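I have placed the structure first, in the form of structure tokens, so that the comments after it can refer back to it.
The values are calculated or read from the model by the stated rules, or taken from the named source; none is laboratory data. Everything numeric here is computed off the predicted structure, so don't read it as measured data. Cβ placement follows ideal geometry from the backbone for every residue including glycine, while neighbour counts extend to all protein chains displayed.
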């Protein structure tokens, strides 16, 4: 950026909003790197809370600057109204997920907090998957087109969203199984829990 338009690919366009672009790059980098460590096994404690607030804040700023760049940065020849609409929806979903995740942990709904933060993080990391979807397009179909750019970018966000939901569902099933095992143990101390009743309890937790 310091080298000006001549030092950057597509420099005349991207240097038209240097502050928003730099803020977006910095915040999305912090969001991506620090956020990756928030989903480990040791998730509670002061470090997790402080890092979580920073991750959520950077994610919201990255989403806001991304929306600003989408709406006000001069479009590339491959941009389209469809892609702009998709980007607006994605930014809204990411921001809403982070806000809902924060509100969930404030009311001590840790399962809801984790689910919404996974969704927000997955959408925020869509650019990494877009590299793969666009690389696949280039290998199969050749140069990107307007529809190809919109399709590959949209596909990447959808892939990340689906993977996030699969991860969330798997964790819900694991919690249900552990909860069912606890009920079985309690039942053995005070009378066996019928298998059909246990099945209904596990299904209710899914």
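May I ask you to verify whether residue 112 is surrounded by fewer than 18 Cβ atoms within 10 Å (Cβ to Cβ) and within 18 Å of residue 36 (Cβ to Cβ)?
The answer is no for residue 112.
Among (1) in contact with a helix residue (DSSP H, G or I) (Cβ under 8 Å, 6 or more places away or on another chain); (2) under 26 Å from residue 50 (Cβ atoms), which single condition is residue 108 missing?
Among (1) in contact with a helix residue (DSSP H, G or I) (Cβ under 8 Å, 6 or more places away or on another chain); (2) under 26 Å from residue 50 (Cβ atoms), residue 108 violates only (1).
Every residue, every condition in (1) closer than 18 Å to residue 59 by Cα; (2) assigned to a helix (DSSP H, G or I); (3) modelled with pLDDT under 95, yes or no:
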position	(1), (2), (3)
83	no, yes, no
96	yes, yes, no
101	yes, yes, no
111	no, yes, yes
116	yes, yes, no
129	yes, yes, no
133	no, yes, no
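Search the range 163-206 for residues being within 30 Å of residue 125 (Cα to Cα) and out of contact with any helix residue (DSSP H, G or I) (no Cβ under 9 Å at 6 or more places or on another chain), and hand back the single one that is modelled with the highest pLDDT.
Here the residue is 166.
Does the range 63-84 hold any residues that are over 18 Å from residue 16 (Cα atoms) and within 18 Å of the chain's Cα centre (by Cα), and which are they?
Residue satisfying the conditions is 63 alone.
Only one of (1) surrounded by fewer than 19 Cβ atoms within 10 Å (Cβ to Cβ); (2) over 17 Å from residue 32 (Cβ atoms); (3) touching a residue at least 12 places away in the same chain (Cβ under 8 Å); (4) over 14 Å from the mean Cα position of the chain (by Cα) is not met by residue 150, so which one is it?
(1)
Kindly establish whether residue 78 is outside any helix (DSSP H, G or I), under 30 Å from residue 149 (Cα atoms) and in contact (Cβ under 8 Å) with a residue 40 or more places away in the chain.
yes
Please tell me if residue 150 is within 15 Å of residue 91 (Cβ to Cβ) and in a helix (DSSP H, G or I).
Against the criterion (within 15 Å of residue 91 (Cβ to Cβ) and in a helix (DSSP H, G or I)), residue 150 does not qualify.
Within the range 40-75, restricting attention to residues that are touching a helix residue (DSSP H, G or I) at 6+ places or on another chain (Cβ under 7 Å) and outside any helix (DSSP H, G or I), which residue is surrounded by the most Cβ atoms within 10 Å (Cβ to Cβ)?
73
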